[in-house]
1. Could you check, for the stretch 685-708, whether at least one of its residues is among the hydrophobic types (A, V, I, L, M, F, W, C), over 23 Å from Gly625 (Cβ atoms), within 28 Å of the chain's Cα centre (by Cα) and not in a loop (DSSP other than H, G, I, E, B)?
2. With the requirement that a residue be out of contact with any Phe, Trp or Tyr (no Cβ under 7 Å at 6 or more places or on another chain) and assigned to a helix (DSSP H, G or I), what does the stretch 143-162 give you?
3. How many of the residues making up the stretch 599-622 are open to solvent by 60 Å² or more (accessible area, probe 1.4 Å) and either touching a helix residue (DSSP H, G or I) at 6+ places or on another chain (Cβ under 6 Å) or not polar (S, T, N, Q) (or both)?
4. Just give me the residues in the stretch 350-388 being under 30 Å from Ala528 (Cβ atoms) and not in a strand (DSSP E or B), in sequence order.
5. Residues that are of a type in the set (A, V, I, L, M, F, W, C), at least 3 per element: which strands (runs of 3 or more DSSP E) completely within the stretch 576-671 meet that?
6. Just checking: which of the strands (runs of 3 or more DSSP E) contained wholly in the stretch 464-546 hold 2 or more residues that are over 23 Å from Thr575 (Cα atoms)?
7. Kindly check whether there is at least one residue in the stretch 296-318 that is within 30 Å of Glu344 (Cβ to Cβ), open to solvent by 10 Å² or more (accessible area, probe 1.4 Å) and of a type in the set (D, E, K, R).
8. Under the condition of being free of Cβ contacts under 8 Å to residues at least 60 places away in the same chain and open to solvent by 10 Å² or more (accessible area, probe 1.4 Å), which residue from the stretch 159-184 is farthest from Val228 (Cα to Cα)?
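The values are calculated or read from the model by the stated rules, or taken from the named source; none is laboratory data. Everything quoted here is computed from the prediction, not taken from an experiment. Cβ sites come from the backbone with ideal geometry, for glycine too, and all protein chains shown count toward neighbours. These area figures cover heavy atoms from the full protein model, side chains too; ligands, DNA and RNA do not enter into them. Shrake-Rupley method; radii C 1.70, N 1.55, O 1.52, S 1.80 Å.
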Amino acid sequence: MNQYRFILVLFCVILGQCLIAQNGKLEGVISSKGLPIIGATVILAQTNISAVTDQDGYFELEAPQGKYKLEISYVGYKNYQSDVEVNVSKPFSLTIEMEEENYLLQQIVVTGTKTFKRKTESPVMVNILDNKTLTNLQVCNLSESLKFQPGLRVETDCQTCNYTQLRMNGLAGGYSQILINGRPIFSPLMSLYGMEQMPVNMIDRIEVVRGGGSTLYGSSAIAGTVNVITRVPDKNSYELNTFYQHINNQTPDFFLNGNASIVNKSKNSGMTFFVNHRNRNLYDANGDKFSELPQLENTSFGTSLFIKPTESQKLEINVSNLNEYRFGGDMRKVPVFLTQQSEERKSSIWLGSADYQVNFNEDKSAFIAYGAWQQTWRSHYTGILPDEPEALRIHMVKPPFGNANTTTLQGGIQFNHKIEAFLGGINTFTLGSEYVTDRIQDNIEAYRYNISQYTADWGTFVQSDWEIRKQLNLLSGLRLDKHNLLDHLVWSPRFALLYKLKNSTQFRLSYGTGFRAPQAFDTDLHIAFAGGGVSRVQLSNQLLEERSQSFSASVNYDKATENYVFGYTLEAFRTTLSDAFVLTNIGRDTFGEIFLKENGNGARVQGITLELRANLQKKIQLETGFTLQQSVYEIPVTYIDGTEPLKEFLRTPNDYGFANLSWTPTPYWNINGNYVYTGRMKVAHFGGAENFPNDALVISPRFSEFNMRISYTIPLKIFESALECYGGVKNIFNAYQEDFDIGKFRDSNYVYGPAMPRSVFIGIKIKSF
């Protein structure tokens, strides 16, 4: 009897184990408006069980018998959740219709408050350029991208080397803070060419905040902040892209880039890679055998990865390397020190960052620790071959070669805490502290030119993001900075008020202060050719920090229906500067012109920006922005000896803007047309060239630059991929500067207007669904 009882018990145990080990099946089809959604992520919450929908929108999961919460997500659609029950006896089948989310209105932004918020709920206005838009615009790098944002203008500032500068709300590049993944490691030396060296295929999106941002980001965030957010893995994917453009029937320009992402099934770790290569020859606009576009050879690569040890923790690591060879000037094939006039640059830049975040207290609190690093090495030549015999002998013995390097380090912590019952509303408090150092060495022994600068800034900030009512939000913040070049503390307060009317309209008011430390910025590190010599910038020994106050008021309206979205933003802004930095020509030495950076009395920039946007049935999308402004000093400034002093800023038009129209008549065709307008501006022109012997202040003409791109996508369902063929024309009507200086005695800073002449391009791309 005992034997039978033992056998019976053993049989029951084995049967129970079999039943426990046996999984049930959960399957379903996900669609929207009758079309399957390919690549949607399906997860059983709090398990490692997940799947991705195939080309028919179908998914299938196996799980132990029991009740679960099903979660489905896909970009552009509202997240779907449902309770499901898995049974081993029969499959559980679902048919799910996902609801489209108005992506234009519900994008998540982080730059304005250092916390994640929906764009329409941020007290600080944030504009976004996503990767899809960058693709349609056929831009190659960060520099080309930023001209398609309201209130922003990118200018080329050297005829020989073509370094670029970003201007926000009428203020020069040193007034804007460029961040990489939220970190201020875009150093002054890197800023000279860094915007051109960052390829667009490493960028996920760009967030732009106009107006003072020193409260969160410290020195130099006076005109605004640009946050370049690199790609992060969200699914298994790949993309390989190559295209060729021919510049004004003269110069070839070749690109090859690729991306790949890997994410594990449980979505708790992933890695993405990018690689980019560019090769462009010299371009001569006026036939004088001196280039207006330099030769470029650029190779870049990098990776981003994330790990989520638990649902409440996340670690992100980013590493990138940018390498570039740049040469411009005399186009003869001779050693660089024998050229009549030229600039040669060899650069290698390493960028890295690590962010760790842990959420706790039922996600009401978060602790963030982060560090970032940037290292730039650059060897360079900047020279003119002398005509005088003794000067030529010295040049041959000691040609003007140089070396530069910079190291930027940042580390910080941040604590966020949400109080859900704060005086009748919800308040998110942010407290943080960070330390940033930057060390620059730049030396050209032949010119007795040496910059050795070390800056260190310790900042602590506190912020209150108080949702007083559903319709009313008050953001207030304060930052305390101790900069090593200043003998006192700098306080930077900020206030922003948001009022929401009927979910369609937001009114914003903001005030903020900022400062710039008395240090060298990107334009100070650039050596230009003028009057047969090289011009350099020196810093006054009595240079004080520059302070700012920024005001803005805006109204943002969006009307969204099932078939269309229409909206506009109207913003008025005013920034006043005290002890504003000005450049004064203090004469010449053996090598050329010398400019002294010193404090002026004050300046102001004020104006209005209008943005319009529309989307019709997700087939036609329009975005446009136009700015009217005035930028003046309180007391006139003498830019060139012998010319009348001016209150107006140089190289600053009073009107500029852009428009971008995209039409997708079918899922396979996309047609994009865009436009960039630049108004008249005053430009300093130092004489010496054979076609322009005298110094003068010149008023540039207006420019209208039109571009077009057409693409056709061929689905390759058997490979779960798509093949895209595209082509188009940049600067269709060849709006380009017509009065470049001629010869080796040209003023290399006398350059304005669109960065490139007419260029025809054609390309092919293969990518996963």
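1. Our first condition is that a residue be among the hydrophobic types (A, V, I, L, M, F, W, C); within the stretch 685-708, this holds for 686, 689, 692, 696-699, 703, 706, 708.
Then drop every residue that is not over 23 Å from Gly625 (Cβ atoms), which leaves 686, 689, 692, 696-699.
Cutting the leftovers down to within 28 Å of the chain's Cα centre (by Cα) gives us none.
Within the stretch 685-708 (the criterion being among the hydrophobic types (A, V, I, L, M, F, W, C), over 23 Å from Gly625 (Cβ atoms), within 28 Å of the chain's Cα centre (by Cα) and not in a loop (DSSP other than H, G, I, E, B)), the answer is no, since none of the residues qualifies.
2. Ser143, Glu144, Ser145, Leu146 - these are the residues of the stretch 143-162 that are out of contact with any Phe, Trp or Tyr (no Cβ under 7 Å at 6 or more places or on another chain) and assigned to a helix (DSSP H, G or I).
3. Result for the stretch 599-622: 9.
4. The initial filter retains those residues of the stretch 350-388 that are under 30 Å from Ala528 (Cβ atoms), namely 350-351, 374-388.
Selection gives Leu385, Pro386, Asp387, Glu388.
5. Working: elements: 581-588, 593-599, 602-616, 620-637, 646-648, 655-663.
Qualifying strands (runs of 3 or more DSSP E): 581-588, 593-599, 602-616, 620-637, 655-663.
6. Values: elements: 472-483, 490-501, 505-516, 528-530, 533-539.
Once the strands (runs of 3 or more DSSP E) in the stretch 464-546 are filtered for at least 2 residues that are over 23 Å from Thr575 (Cα atoms), what remains is 472-483, 490-501, 528-530, 533-539.
7. Yes; the residues of the stretch 296-318 include at least one that is within 30 Å of Glu344 (Cβ to Cβ), open to solvent by 10 Å² or more (accessible area, probe 1.4 Å) and of a type in the set (D, E, K, R).
8. Filtering the stretch 159-184 down to residues free of Cβ contacts under 8 Å to residues at least 60 places away in the same chain leaves 168, 176-178.
In the following step, the residues that additionally are open to solvent by 10 Å² or more (accessible area, probe 1.4 Å) were identified as 176-178.
Details: Ser176: 13, Gln177: 11, Ile178: 7 Å.
This residue is Ser176.
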